[in-house]
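Comments concern the structure below.
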């Protein structure tokens with residue numbers, strides 16, 4: 001189990017997350033919005049097999065995070081400027097996004 005972050009801050013257009021083991025992740029707000037694990041964003045099907053949302057918007061260039069809250073000892077709920085707040089970002093998912101960003105940065109160097 002991944003423990004809750006020690007600190008979360010907004011720095012420019014990124015969310016900075018400091019984990020208890022000293023790891024720091026910097027995740028862009030618009031990318032977090034686009035990668036929301038909500039049913040609406042992930043096009044999940046309901047119990048009848050119907051899509052929850054017809055179209056998936058992929059770019060959220062002007063969306064920012066206004067606030068966040070810890071959900072138990074496993075996730076963060078971000079409150080976005082477009083009103084979205086239904087995605088619960090597990091600590092594991094956030095660290096996975098941080099890992100993917102690191103790999104992407106290393107590939108570009």
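Of note:
- Extension gain (nm, one decimal) between residue 92 and residue 9, 0.36 nm per residue minus Cα-Cα: 28.0 nm
- Each of 107, 30, 82 was scored by other Cβ atoms within 10 Å of its Cβ. Listed from fewest to most, they are 107, 82, 30.
Every read-out reported here was derived from the displayed coordinates using simple, explicitly stated rules and does not represent laboratory data. Every value quoted in this text rests on a predicted model; they were computed, and no experiment measured them. Here Cβ is always computed from backbone atoms with ideal geometry, including for glycine, and neighbour counts include all displayed protein chains.
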